[in-house]
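Participant: One structure follows; several queries about it will come next.
Every number here is computed from the coordinates shown, using simple stated rules; none is lab data. The shown structure was predicted, so the numbers you read here are calculated from the model rather than taken from an experiment. Counting neighbours? That spans all protein chains shown, and the Cβs are built from the backbone with ideal geometry, glycine included.
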Amino acid sequence: MAESARESMEYDVVIVGAGPAGLSAAIRLKQLDPELSVVVLEKGSEVGAHILSGAVLDPAGLDRLLPDWRERGAPVTVPVTDDRFYMLGQAGVLRIPGWPMPPLMKNHGNYIVSMAN
Ligand SMILES: Cc1cc2nc3c(=O)[nH]c(=O)nc-3n(C[C@H](O)[C@H](O)[C@H](O)COP(=O)(O)OP(=O)(O)OC[C@H]3O[C@@H](n4cnc5c(N)ncnc54)[C@H](O)[C@@H]3O)c2cc1C
């Protein structure tokens, strides 16, 4: 190993994993104290490379962390307009009405996103 590669790098905070949790923690720490040195280590080739999920996103967390996320051009642009529930079976498809669904299953105000983005 080259001598320079063995030199240690000092940070105040090291966060492992650039998923939503790690990135949120890093952003929040820098908001609280811009002088902190924070590093995020990600094993993927780039942020999001190991996150395959499409997702329905409740923007409540983003609203609190980055209230101006809309003006910043966040890739959160497709609002949910309709919820439909189906039971799929060998005999065919049965549509289930939405009204008995718990609040968790109601997605108005949420967005369809690529979690990796
Ligand atoms: C199929 C599926 C569907 C989902 N649908 C939704 C949805 O519709 N809506 C919703 O809100 N949530 C959804 N989720 C949940 C959401 O994806 C997770 O809650 C969220 O990704 C968790 O974030 P996290 O930062 O804790 O972990 P992760 O997103 O898993 O991020 C962890 C990161 O750490 C990296 N990492 C791991 N180990 C190391 C290491 N040793 N060194 C360096 N880096 C490392 C990984 O590469 C990854 O980038 C879904 C999840 C799945 C699997």
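Participant: What tally of residues in segment 65-117 results from selecting those that are within 30 Å of VAL47 (Cα to Cα) and small (Gly, Ala, Ser)?
Facilitator: 5
Listed here are the residues, each with its yes/no results for (1) of a type in the set (S, T, N, Q); (2) within 16 Å of the ligand (Cβ to nearest atom); (3) touching a strand residue (DSSP E or B) at 6+ places or on another chain (Cβ under 9 Å); (4) under 22 Å from ALA116 (Cα atoms).
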| position | (1), (2), (3), (4) |
| --- | --- |
| SER8 | yes, no, no, no |
| VAL14 | no, yes, yes, yes |
| ALA26 | no, yes, yes, yes |
| GLN31 | yes, no, no, no |
| LEU36 | no, no, yes, no |
| ARG64 | no, yes, no, yes |
| VAL76 | no, yes, yes, yes |
| ARG84 | no, yes, yes, no |
| GLY92 | no, no, no, no |
